[in-house]
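Trainee: Sharing a structure here in structure tokens format.
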Amino acid sequence: MLVSAKEMLNKAREGKYAVGQFNINNLEWTKAILLTVQENNSPVILGVSEGAGKYMGGYHVVVGMVNGLLKDLNITVPVALHIDHGSYEGALKVIEAGFSSVMFDGSHYSIDENIEKTKEIIRIAIEKGVSVEAEVGSIGGEEDGVIGAGEIADPNECKQITDLGVTMLAAGIGNIHGRYPANWKGLDFEALAKIKAATSDVPLVLHGGTGIPTDMIKEAISLGVAKINVNTELQLAFADATRKYIESGKDLEGKGFDPRKIIAPGFEAIKASVKEKIHLFGSVNKA
Ligand SMILES: [Zn+2]
């Protein structure tokens, strides 16, 4: 059964580790992540962007697929199904479809409008037991075709949003989506410390977890980050393994053209990537 992200993130914040949010794109992605977290006794958040939801056929398909896998694969670790960078309408739609967690990304609105809309989402979500992530200060890089400039969130604005009763808060601290450029300045830990001080105990979310050096990940966790989003890294791992299979001509040998065989190396690559991340984040054996 899907659970809200609230309890797992509060436990993570107290225990000084982070829960990974891994974005899903299809059945294999979802199955690889679920099997890995079950094998490692770790809680997990499955992220679904609006684009990925549409790609899979719609939010009801996603909910049906995830619930079916939880049941048939006997997944017993806590699993939250979460919309990633949801619009106002998107967040409401997934609550209706049965997601257990939502992100409402109002970072591109004025702070007043972000507050109004976040408040409304919280009102609807919390009574259904759905956790809510809000965002202050846009995360740089590209997500579903939207390119953000990357900002350092204002601690006072973070406090205003947190006081509405959000479950978790994404705040820009120099992190960006996708691959980090060679001249990236790194995470701004001074800003993170200020945000943490202003938002008391709300679990903080670090977006753009692909390619952040491990020492920075560990420092971020020590400063209150309890959820880390990973998306691009799994895509790169899957693409790399699939390319090797095709380039080595394996699809031309025997029944190597069987889609289950073509996808298998990428599936294993996702599993390896998730395993590495949950060990780094410290969520192994915390289910
Ligand atoms: Zn993000």
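FYI, it's all coordinate maths here, none of it is from the lab. Not measured: the values here are computed from a predicted model. All Cβ positions, even for glycine, are placed from backbone atoms using ideal geometry, and neighbour counts span all protein chains on display.
Trainee: What number in nm² do you get for the stretch 1-154 if you take the convex hull of its Cα atoms and divide its surface by four?
Mentor: 9.2
Trainee: Could you give the length gained on full extension between residue 126 and residue 253, defined as 0.36 nm per residue of separation minus the Cα-Cα distance, in nm?
Mentor: On the way: separation 127, 0.36 × 127 = 45.72 nm, distance 5.36 nm.
Answer, rounded to one decimal: 40.4 nm.
Trainee: Would you please state which residues of the stretch 177-208 a label at residue 215 would reach in this model, taking the label point 7 Å out along Cα→Cβ and a backbone N cut-off of under 16 Å?
Mentor: Zone members listed by number: 185-190.
Trainee: May I ask you to order 186-195, 92-101 by the average number of other C-beta atoms within 10 Å around their residues, highest value first?
Mentor: 92-101, 186-195
Trainee: Between residue 85 and residues 5 or more places away or on another chain, which pairs have amide H atoms under 5 Å apart, with H built 1.01 Å from N, and which residues are they?
Mentor: 103
Trainee: A follow-up question, please. Which whole-Hz couplings ³J(HN,Hα) result when phi for each residue of the stretch 165-177 is put into the Karplus expression 6.51 cos²θ - 1.76 cosθ + 1.60, θ = phi - 60°, listed in order with x for Gly and Pro?
Mentor: Here the 3J(HN,Hα) series is x, 5, 6, 7, 10, 9, 10, x, 9, x, 7, 9, 7 Hz.
Trainee: Could you work out how far apart the two model spin labels at residue 10 and residue 73 are, taking each label as a point 7 Å from the Cα in the direction of the beta carbon, and quote it in nm?
Mentor: For the pair residue 10/residue 73, the computed spacing is 2.8 nm.
Trainee: Can you list the HN-Hα couplings for the stretch 254-260, worked out from phi with the Karplus curve (6.51, -1.76, 1.60; θ = phi - 60°), rounded to whole Hz and with x for Gly and Pro?
Mentor: x, 9, x, 7, 4, x, 5
Trainee: Go through the stretch 101-118 residue by residue and turn each phi into a ³J(HN,Hα) via Karplus (6.51, -1.76, 1.60, θ = phi - 60°); whole Hz please, and just put x for glycine and proline.
Mentor: 7, 9, 10, 10, 9, x, 5, 8, 8, 5, 4, 5, 6, 4, 4, 4, 6, 4
Trainee: Give me, ordered by chain and number, the residues 5 or more places off residue 227 or on other chains with an amide H under 5 Å from its own placed amide H.
Mentor: 19, 204, 206
Trainee: For the chain, what is the per residue volume of the convex hull drawn over the alpha-carbon atoms, in cubic angstrom?
Mentor: 122
Trainee: Any chance you could count the Lys pairs in the stretch 1-139 whose alpha carbons are under 19 Å apart, treating pairs 8 or more apart or on different chains as valid?
Mentor: Count of close lysine pairs: 11.
Trainee: Taking every DSSP beta bridge that has both residues in the chain, what percent is antiparallel when rounded to the nearest 5?
Mentor: Counting only bridges with both partners in the chain, antiparallel ones make up about 10 percent.
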